[in-house]
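Okay, so here's the structure we're looking at.
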Amino acid sequence: MSVINTTIKPFKASAFKNGKFIDITEKDVLGKWAVFFFYPADFTFVCPTELGDVADHYAELQKLGVEVFSVSTDTHFVHKAWHDASDTIAKIQYTMIGDPTWEISNNFEVLRADQGLANRGTFIIDPQGVIQSVEITAEGIGRNAEEMMRKIKAAQYVASHPGEVCPAKWEEGAKTLAPSLDLVGKI
């Protein structure tokens with residue numbers, strides 16, 4: 001079953017952010033755009049390249065009103081240790097959620113229970129807590145923060161312009177479509 005267009009499920013977890021441990025629930029996500037960025041494990045190979053890429057775009061994401069939550073099945077203690085040990089991870093300012101109980105990974109349907117790890121999954125969530133975009137890749141395929149940002153901008157545009165949709169490769173400022181009977185078979 002797809003989680004697209006569903007509301008995020010309740011959760012409670014501990015996280016690491018800006019040198020502190022914090023508690024977080026689904027209520028902390030509501031009221032703003034959010035990205036949940038699942039990855040298999042701390043202290044690995046592809047994961048730090050992805051999290052570092054998102055960190056490099058975090059200021060721009062903040063300007064778009066988007067909060068980022070990275071999630072792995074590691075604990076918040078491991079997130080802190082990784083943050084302290086890696087120059088790439090040290091630049092992260094967004095929330096790093098620990099999911100050792102697998103609750104959040106199960107909620108988003110990305111858990112590989114036989115391994116206790118999450119798949120690489122990116123979820124764009126609107127301010128009402130509804131999942132607007134889902135991307136899941138195999139463990140060896142890293143994601144691109146610029147493409148994630150393009151999708152966020154498209155989701156935000158569609159949300160603020162009812163009756164319009166963003167075509168393939170849409171970039172901010174490009175022409176959109178207004179679906180109608182007149183367009184059928186003409187695109």
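Of all positions in the stretch 82-90, at least one carries a residue that is open to solvent by 40 Å² or more (accessible area, probe 1.4 Å), out of contact with any Leu (no Cβ under 7 Å at 6 or more places or on another chain), among the aliphatic types (A, V, I, L, M) and outside any strand (DSSP E or B). Residues that are without any contact (Cβ under 8 Å) to a residue 60 or more places away in the chain, surrounded by 14 or more Cβ atoms within 10 Å (Cβ to Cβ) and either of a type in the set (Val, Ile, Thr) or over 21 Å from PRO40 (Cα atoms) (or both): does the stretch 110-128 have at least one? Looking for residues that are without any contact (Cβ under 8 Å) to a residue 60 or more places away in the chain, surrounded by 14 or more Cβ atoms within 10 Å (Cβ to Cβ) and either of a type in the set (Val, Ile, Thr) or over 21 Å from PRO40 (Cα atoms) (or both), one finds none in the stretch 110-128, hence no. Looking at PRO162, PRO167, can you tell me which residue is open to solvent by less than 50 Å² (accessible area, probe 1.4 Å) and either closer than 15 Å to HIS57 by Cβ or not acidic (Asp, Glu) (or both)? The unique qualifying residue is PRO167. Being charged (D, E, K, R) and either surrounded by 17 or more Cβ atoms within 10 Å (Cβ to Cβ) or within 15 Å of VAL46 (Cβ to Cβ) (or both) is the filter here, so list the residues in the stretch 138-152 that pass it. Those that are charged (D, E, K, R) and either surrounded by 17 or more Cβ atoms within 10 Å (Cβ to Cβ) or within 15 Å of VAL46 (Cβ to Cβ) (or both): GLU139, ARG143, LYS151. Scanning the stretch 116-140 for residues that are assigned to a loop (DSSP other than H, G, I, E, B) and touching a Pro at 6+ places or on another chain (Cβ under 8 Å) yields ASN119, GLU139. Among residues of the stretch 161-173 that are among the charged types (D, E, K, R), those with a Cβ under 6 angstrom from a residue that is at pLDDT below 95 and in a loop (DSSP other than H, G, I, E, B), sequence gap 6+ or separate chain, pair up as GLU164/THR176; GLU164/ALA178. Could you tell me whether any residue of the stretch 141-154 is outside any helix (DSSP H, G or I) and over 23 Å from HIS57 (Cβ atoms)? No, because not a single residue in the stretch 141-154 is outside any helix (DSSP H, G or I) and over 23 Å from HIS57 (Cβ atoms). Looking only at the stretch 29-60, filter to residues that are part of a loop (DSSP other than H, G, I, E, B) and without any contact (Cβ under 8 Å) to a residue 60 or more places away in the chain; which one of those is least open to solvent (accessible area, probe 1.4 Å)? Restricting to residues being part of a loop (DSSP other than H, G, I, E, B) and without any contact (Cβ under 8 Å) to a residue 60 or more places away in the chain, the top hit is ASP42.
Looking at ALA90, ALA15, ALA81, can you tell me which residue is among the aliphatic types (A, V, I, L, M) and under 24 Å from PRO127 (Cβ atoms)? Only one candidate qualifies: ALA15.
The values are calculated or read from the model by the stated rules, or taken from the named source; none is laboratory data. What you are looking at is a predicted structure, and each value in this text was computed from that prediction instead of being measured. Please note: Cβ atoms are built from the backbone with ideal geometry, for glycine as well, and neighbour counts cover all protein chains shown. All accessible areas refer to the heavy atoms of the entire protein, side chains included, with ligands and DNA or RNA removed. Shrake-Rupley method; radii C 1.70, N 1.55, O 1.52, S 1.80 Å.
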